[in-house]
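Before any comments, here is the structure.
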Amino acid sequence: MTTYHIHSLAGEALASHLPSLCDVLENCVSGGASVSFMHPLSREKSLQFWSGVAASAARGERIVLVAQDDTGEIVGTVQVVLEQPENQSHRADVSKLLVHEKARRQGLARRLMDALEREALAHGKTVLVLDTSTGSGAEHFYLQCGWQRVGEIPRFALMPDGNVTATTIFYKFL
């Protein structure tokens, strides 16, 4: 059985893993995940996204957590966006919980979210917010993890195949 290690990456360490992060993102988009991108997702667009994330992490605006297998390959990731308006300094956004299809059904998403909550608390965040495609497996997952459903916004985004989806808003107090 494969052992996975979950930790944060920033700076040069994050930059050196951009290809693996692109692989995870592209795999999730090709599998139909509604994570802001359309299918097919080009490597160029994927690299542009992760380069922006790396720059944001370098500025201390977010923390990027990864799950790496025994070989060091990244198979999962999630971000906590720390940078918020002055009157919301106690809050953070959760972004891009992604697990490569080859590493699913092993508890990685849950472990990534648990690590994210610990990181958020360590940075003084006590309210987390996220949204996910209504009716998706992710929606059910967040409910199982103790997140509170606020409601949904119809026709919020396009799925990678071009179909319109609603989004469900969640929050969690830490």
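The values are calculated or read from the model by the stated rules, or taken from the named source; none is laboratory data. Predicted, not measured: the structure shown is a model, and the values here were computed from it. Here Cβ is always computed from backbone atoms with ideal geometry, including for glycine, and neighbour counts include all displayed protein chains. For accessibility, only protein heavy atoms count, side chains too; no ligands or nucleic acids. Shrake-Rupley method; radii C 1.70, N 1.55, O 1.52, S 1.80 Å.
Points to keep in mind about this one:
- q = 0.23, 0.24 Å⁻¹, the range 77-174: log10 I(q)/I(0) [Debye, one scatterer per Cα]: -1.28, -1.34
- Average accessible area per residue (Å²) across the chain - probe 1.4 Å, nucleic acids and ligands excluded: 51 Å²
- Whole-Hz couplings from phi, Karplus 6.51/-1.76/1.60, listed for the range 122-130; x for Gly and Pro: 4, 9, x, 8, 10, 10, 10, 9, 7
- Here the range 50-108 yields Rg over Rh of 1.06, to two decimals, using C-alpha coordinates and the Kirkwood radius.
- In order through the range 45-54: 3J(HN,Hα) via Karplus (6.51 cos²θ - 1.76 cosθ + 1.60), integer Hz, x for Gly, Pro: 5, 5, 5, 4, 4, 5, 5, x, 5, 4
- Carbon/sulfur fraction of accessible area - the range 29-115, other protein chains in place, 1.4 Å, %: 46 percent
- Over the range 1-68, the fraction of Cα-Cα pairs per 5 Å bin, rounded to whole percents and listed from the shortest bin up, is 3, 17, 26, 22, 20, 10, 2, 0.
- Cβ-derived FRET efficiency at R0 22 Å, GLN84 paired with ILE153, nearest 0.05: 0.60
- Amide hydrogen proximity for LEU82: with H placed 1.01 Å from N in the peptide plane, the residues at 5 or more positions away or on another chain lying under 5 Å are ARG62, ILE63.
- Coordinate range along principal axes, alpha carbons of the range 74-133, Å, largest first: 41, 24, 16
- Converting phi to 3J(HN,Hα) with the Karplus coefficients 6.51, -1.76 and 1.60 and the offset θ = phi - 60°, the range 62-71 yields 8, 10, 9, 9, 10, 10, 10, 7, 4, 8 Hz in sequence order, with x at every glycine or proline.
- Sparsely packed trypsin sites (Lys or Arg not before Pro) within the range 19-82, loop by DSSP, other Cβ within 10 Å at most 11: ARG59
- The chain: relative contact order as a whole-number percent, Cα under 8 Å and 6+ apart: 22 percent
- The Rg/Rh ratio of the chain, with Rg taken over Cα atoms and Rh as the Kirkwood radius over Cα pairs, comes to 0.94.
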